[in-house]
Amino acid sequence: MASTNILTARARTDADDRLIEAEEPLASFHLRAGGELPGPIVTPALLELVRKARQSGRRISRAIRAQDSTEQITAWAEVVPGKAGTIINISTWKAEGIPIPDAEGEEYQRLALVRHLAGLSARLGPQQELLTVDWNAPDLQSLGEAMMAGVGQPWTDFAVPEGNGHRQPMHWRLLDGVKVAVADSPREWAVQLVPLGRGEPGSDGFELYLVPNKPLPEVARGHAQKPERAAGIGRDIAPVLRQPVSRIIANSETIRTQLAGPLADEYSAYAADIASAGEHLLALIDDLTTLEMVEDEEFAPAPDKIDLADVARRASGILGVRARDRGIILNAPGEDESVPAIGEFRRTLQVLLNLVGNAIRYSPEGGQVWISVEKANARARVTVGDEGEGLSTDEQAKVFAKFERLGRSGDGGSGLGLYISRRLAEAMGGNLTVESAKGKGARFTLEIPSDPEG
């Protein structure tokens, strides 16, 4: 049974925000949470309060929440800044044992397992339309690429529920748990749909997961079909890293959105920081995986017949939310524009997502980004222009180099995006170039072979 104690404690910190003195019960809680006396403050909410008081020079007080391995506490903390550090007054200290997980907690654990086992995951809109797709199962490669090419369509157009002839998409509750047929996979796959939205379930869309009934046999992964090669991040390390990082992101998002229960604002902010760091790490893993692929002598993109204008519109649609968040206007090719070309759809989209994403990132808020297409002789071209700071002649000479970030720091980039994009363009028989000047923005042009029959 939970117990409640109302106690008062005083503590003192130095100029480096280290806890140098503390009375009970704060002292015991600090030590149980992994801290030392004297030592750094290990309770995030209290540390934030101390920093704000010291930096502002003003007395600050508010409620704080925290938990260690045995109990969770709420208290009222008042921090008084001094010449060297601060004085902390704790009142209304309430401690209770960590509750036994309820049904909601069990559901949370179940979803964590589903995310861990899934071979394919996708984010869906409110009408179950595809927004983004990712997969790590080799036998879902064709399905994943088809879904990527079909962004905006219902997911059931690609993974058809077995024994179901009804018009799709059906209500999500009727599709949660059904089996789907995947042509190129020897395994059976079950659907898991997670509705998003605090009001009506699914009002903010859904998370889609395909979970297999058994592991993929080693021979099916190609280990017995290709000569043994040195270990690389793409073949061996990336799948091991991607799953736990994805779980960290998913769990952090669950905490941030308070799906598992109410939480103090500062802890939601910490969870958002964890999720953001996880997404940067996952992006780096993906970049290193793609880097290994494009530098492989056997790499050869599929010569698909594509519409370069359509790919440009899709890239604009996928990144539209990011642009709106910064007040940037995306000017994409019109629906009546068409530039037939030869190039792998997924790789062409990958290049354009990188170019448009960079243009949004480095354009000033409230600016514009232009995406234009044209056909010139036997070449199809798409150009992405922005209103950013632009590049000097020296920077233009280095911008496509591996790991080159032109002195930028703190933006989460790996310095591989443009290098990989140019390698992909060259592998498709094309090129990626830049025109720019300091203070006048930049124009990146992807050129690939045009479709002679288009």
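Of everything in segment 281-315 that is over 15 Å from G417 (Cα atoms) and aliphatic (A, V, I, L, M), the residue that is surrounded by the most Cβ atoms within 10 Å (Cβ to Cβ) is L308. Checking the stated criteria, R443 turns out to be closer than 29 Å to L281 by Cα, in contact (Cβ under 8 Å) with a residue 60 or more places away in the chain and in contact with a Ser or Thr (Cβ under 8 Å, 6 or more places away or on another chain). Taking the criterion of being part of a loop (DSSP other than H, G, I, E, B), within 30 Å of S252 (Cβ to Cβ) and assigned by TED's automatic domain parsing to the domain that holds L416, would at least one residue in segment 332-340 satisfy it? The answer is no; no qualifying residue exists. The set of residues from segment 154-199 being within 19 Å of Q127 (Cβ to Cβ), of a type outside the set (A, V, I, L, M, F, W, C) and modelled with pLDDT of 75 or more comprises P154, T156, D157, P161, H171, R173, D176, Q192, P195. With respect to S372, is the statement that it is buried (at least 16 other Cβ atoms within 10 Å of the Cβ), free of Cβ contacts under 8 Å to residues at least 60 places away in the same chain, in a helix (DSSP H, G or I) and polar (S, T, N, Q) true? No, not satisfied. Of the residues making up segment 33-66, those that are within 15 Å of W93 (Cβ to Cβ) and either hydroxyl-bearing (S, T, Y) or surrounded by fewer than 14 Cβ atoms within 10 Å (Cβ to Cβ) (or both) number 3.
Within segment 385-396, identify whether any single residue is outside any loop (DSSP other than H, G, I, E, B), in the same structural domain as G429 (by TED's automatic domain parsing) and in contact with a helix residue (DSSP H, G or I) (Cβ under 6 Å, 6 or more places away or on another chain), and answer yes or no.
Initially, segment 385-396 is screened for residues outside any loop (DSSP other than H, G, I, E, B), giving 385, 393-396.
Applying the additional criterion that residues be in the same structural domain as G429 (by TED's automatic domain parsing) yields 385, 393-396.
From the residues that got through so far, the ones that are in contact with a helix residue (DSSP H, G or I) (Cβ under 6 Å, 6 or more places away or on another chain) too are none.
No, that holds for no residue.
Kindly evaluate I329 against the criterion of being touching a residue at least 40 places away in the same chain (Cβ under 8 Å) and buried (at least 18 other Cβ atoms within 10 Å of the Cβ). Criteria not met by I329.
Tell me which strands (runs of 3 or more DSSP E) are completely within segment 1-102 and hold 1 or more residues being at pLDDT below 85 and more than 23 Å from S268 (Cβ to Cβ), or say none if there are none. Explain how you work it out, then say what you get.
Working: elements: 9-13, 18-22, 60-67, 71-81, 86-97.
The qualifying strands (runs of 3 or more DSSP E) are 86-97.
Got at least one residue in segment 246-253 being in the same structural domain as L120 (by TED's automatic domain parsing), closer than 23 Å to I274 by Cβ, exposed (fewer than 15 other Cβ atoms within 10 Å of the Cβ) and modelled with pLDDT of 65 or more? No: zero hits.
The values are calculated or read from the model by the stated rules, or taken from the named source; none is laboratory data. The shown structure was predicted, so the numbers you read here are calculated from the model rather than taken from an experiment. Virtual Cβ from ideal backbone geometry, glycine too; neighbours counted across all protein chains shown.
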